[in-house]
1. Towards the positive end of the charge dipole of the chain, with charges on Cβ (+1 Lys, Arg; -1 Asp, Glu), say which of 59, 5, 22 has the farthest Cα.
2. Which angle from 0 to 90°, rounded to the nearest 10, does the C-alpha axis of helix 42-54 make with the longest principal axis of the chain?
3. Would you calculate the separation in nanometres between label points at residue 54 and residue 92, each defined as 7 Å from the Cα along the Cα-to-beta-carbon direction?
4. State the percentage of accessible surface on the chain attributable to carbon and sulfur atoms; use a 1.4 Å probe and exclude ligands, DNA and RNA.
5. Just to be sure I understand the curve: with the Debye formula and one point per C-alpha of the chain, what is log10 I(q)/I(0) at q = 0.10, 0.19, 0.22 Å⁻¹?
6. Which order, highest average first, do 47-53, 59-65 follow once you tally other Cβ atoms within 10 Å for each residue and take the mean per peptide?
7. Suppose the chain between residue 13 and residue 31 were pulled fully straight at 0.36 nm per residue; how much longer would it get relative to their current alpha carbon spacing?
8. Just the accessible area per residue of the chain, please: how many Å² with a 1.4 Å probe?
Amino acid sequence: KGSRLSERVEELSAAIKRKYGAKVGKLQSECKDKRRRQNLSEESIDILRRWFAAHESHPYPTQEEREALAAQTGMETTQVNNWMVNVRKRYWKPKAAGSG
């Protein structure tokens, strides 16, 4: 009984590979071709850090400032925005009202 079961499992496995093998191969190929995330250059990070330090009391760039930073760093404006959000969340401590 056990050998018939293993034969049946092998038959089903072979049938699945025949039916879907090409699709699986195509999906694997597409996954390999996807662009991998690259770290930001030190120069870009320096530009963003300098802007952040200069605006520490209110580190929220306007749309124009985000566009200018994106142009200077070679990043997309969404990347600049995400960088700012992450830095504010991770490291920035807003000053309490009246303690300036």
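1. Farthest along the dipole direction, towards plus: 5.
2. The helix 42-54 is inclined about 40 degrees to the chain.
3. Between residue 54 and residue 92, the simple spin-label model gives 1.5 nm.
4. Values: 4420 of 8730 Å².
Its accessible area is 51 percent carbon and sulfur atoms.
5. -0.53, -0.96, -1.10
6. Numbers: 47-53: 15.4, 59-65: 12.1.
Final packing ranking: 47-53, 59-65.
7. Values: separation 18, 0.36 × 18 = 6.48 nm, distance 2.33 nm.
Contour length minus the Cα-Cα distance gives 4.1 nm.
8. Values: 8730 Å² over 100 residues.
Per-residue accessible area for the chain comes out at 87 Å².
The values are calculated or read from the model by the stated rules, or taken from the named source; none is laboratory data. All of these numbers come straight from a predicted model, not from anything done at the bench. Cβ atoms come from the backbone with ideal geometry, glycine included; neighbour counts cover every protein chain shown. With ligands, DNA and RNA removed, areas are computed over all heavy atoms of the protein, side chains included. Shrake-Rupley method; radii C 1.70, N 1.55, O 1.52, S 1.80 Å.
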